[in-house]
1. Go ahead and estimate [θ] at 222 nm for the chain from helices alone: -39,500 (n - 2.57) per DSSP H run with n ≥ 4, summed, over the residue count, rounded to 500.
2. For labels at ASN271 and LYS78 in the simple 7 Å Cα→Cβ model, what's the distance in nm?
3. Using a cut-off of under 14 Å, list every residue of the stretch 318-357 whose amide N is near the label point 7 Å from the Cα of GLN435 along the Cα-to-beta-carbon line.
4. For the stretch 332-426, which GluC sites (Glu not before Pro) are in a loop by DSSP, counting at most 14 other Cβ atoms within 10 Å?
5. Please find, in a Gaussian network model of the chain (springs between Cα atoms separated by less than 10 Å), the residue of ILE117, ILE101, ILE334 whose mean-square fluctuation is greatest.
6. For the pair GLU109 and LYS415, how long in nm is the line joining their label points, each one 7 Å along Cα→Cβ?
7. Just to verify a number: FRET efficiency for SER44 and ARG171, C-beta to C-beta distance, R0 = 60 Å, to 0.05?
8. Quick check: with the 1.4 Å probe, what order do ARG379, ARG115 take by accessible area, largest first?
Amino acid sequence: MKNRYLLILALLLASSHFAFSQKLLLMANHSDAKFTLLNDYDDSDKQEIGTGTVELKLEKDSKNRVKISKPGYQSVFKEYNKDLKWDKEQRITLDTRQVDISVEPFDAEIFVDGRLIGTKAIFLYIVKDRFLTVEIRKPGFATVSKVYYNQPDRETPPFKDHFVLKDRQVRLEVLPADASVSTNGITLGRGNQDITIPFGDCVTTTVTKEGYVNYEKVFCNKQGDPEPPIRDKAVLEDRLVKITTAPNDAAIEISGKRVGNGSYDLKVPKNSCVEIRVTRDGFVQYTKNYCNQVSMQEPPLTDFLELPVDEAYTSSVSSDLANVRITIPVRAGIAPEEAWKVLSSIITGYFDILETVDYNTGYLTTSWQVQNFMSSIIRTRVIVSTGGNTDQVAYAVKLVSQEAKVFGDEKVTVKDDEKFQDWARILKKYDGLIQEIQARLQ
């Protein structure tokens with residue numbers, strides 16, 4: 001009985017000794033990891049007890065809370081209840097990376113793997129063998145992103161990372177929706193685009209679509225300059241017609257002013273019309289109207305204008321004798337009556353009708369001879385009067401050659417004098433008249 005009592009007493013003493021003197025060996029997986037005792041009811045530090053490996057004596061009436069920390073890692077919190085039995089060696093692993101992230105402007109939003117986490121600053125925790133993508137966003141600024149890895153073969157995350165949004169961004173809405181957008185000559189794509197303007201720089205944005213005049217705008221992100229807008233619109237409204245001609249050196253005119261030869265990019269402003277005229281010697285003049293109005297047929301993307309050959313041109317020759325008084329002296333030995341007869345005979349060989357004939361005054365006119373062509377009417381006549389001095393008989397001969405342009409269904413008659421202008425050409429059938437008179441009378 002006595003022995004039994006002594007055994008029970010020994011067990012009680014042993015139990016009491018264990019309860020009051022239990023010690024634990026805390027070992028971290030990093031030799032520089034810091035161990036700190038914490039207060040029981042908050043996370044404030046109570047006492048730093050060592051680094052790497054420490055011995056912890058469990059106190060009665062305490063939660064025995066310990067924080068294990070190391071810069072760049074998420075801290076681990078442990079609590080050792082004295083009433084529980086613990087393995088003497090406790091191994092603590094710090095393997096979740098921690099990055100202290102802060103941003104400017106302070107209201108920029110911080111996204112982690114696409115989820116909004118907060119603004120201004122966050123702690124980012126990357127579990128072992130994983131990675132996370134952080135994006136910093138704010139309307140009007142270019143988004144900044146970075147990937148953080150907690151993997152052996154990847155770059156070690158920094159303890160802290162600070163992001164400053166400096167590059168601006170403009171959301172450009174374009175019409176038509178399939179227009180192409182480029183900045184500084186680099187194509188971004190079709191339709192609405194985000195235009196990035198680097199800090200301290202300017203970019204030239206161009207919006208293009210075949211058949212439209214290009215939209216171009218410069219956005220700047222420099223100190224002292226107005227801030228670029230968060231959103232902007234580029235609406236292509238003015239039309240563009242690429243015109244080519246045949247012949248390829250034909251003159252292209254707008255409002256009487258030459259703007260090109262053979263080819264021209266014609267701009268037709270919204271709600272207006274533009275008329276062009278295409279001309280070249282030897283070809284019929286071509287006139288066309290292009291309109292950019294809701295009620296009118298829209299302009300083509302390209303237009304090829306082929307000028308018909310001008311038959312009046314091919315049926316005539318350029319001549320310095322047209323519409324000029326040419327004095328032709330009669331050589332000695334030819335009587336005035338004979339000279340007049342020769343002159344009249346030559347002229348009637350070219351003209352059917354003489355309108356006025358007066359030998360006494362030496363005056364002769366023919367009726368107008370008219371020839372119609374597709375785009376013009378040519379009228380020709382001869383006027384003869386006396387010329388030279390009193391010592392020698394001479395005649396002044398003027399071959400009148402005039403042209404009237406005909407447009408569309410316009411009616412022009414030989415009597416519409418106001419529509420005719422002197423023409424520096426002579427129809428081929430009258431080309432030798434002056435020379436024949438000179439040859440036979442001089």
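1. Values: 4 runs with 48 residues, N = 442.
Using -39500 (n - 2.57) per qualifying helix, the result is -3500 deg cm²/dmol.
2. Spacing of the two 7 Å Cα→Cβ label points: 8.0 nm.
3. 318-322
4. Values: sites: GLU337, GLU338, GLU355, GLU403, GLU410, GLU418; in loops: GLU410.
When the GluC sites (Glu not before Pro) of the stretch 332-426 are filtered for loop state and at most 14 Cβ neighbours within 10 Å, GLU410 remain.
5. Comparing ILE117, ILE101, ILE334 in the GNM, the peak value goes to ILE334.
6. Output for this residue pair reads 8.6 nm.
7. Working: r = 47 Å, r/R0 = 0.79.
About 0.80, to the nearest 0.05.
8. Details: ARG379 10, ARG115 145 Å².
I get ARG115, ARG379, largest accessible area first.
The values are calculated or read from the model by the stated rules, or taken from the named source; none is laboratory data. All values reported here derive from a predicted model rather than from experimental measurement. Note: ideal-geometry Cβ built from the backbone for every residue, glycine included; neighbour counts use all protein chains shown. Please note that ligands, DNA and RNA were not included when accessible areas were found on the heavy atoms of the full protein model with its side chains. Shrake-Rupley method; radii C 1.70, N 1.55, O 1.52, S 1.80 Å.
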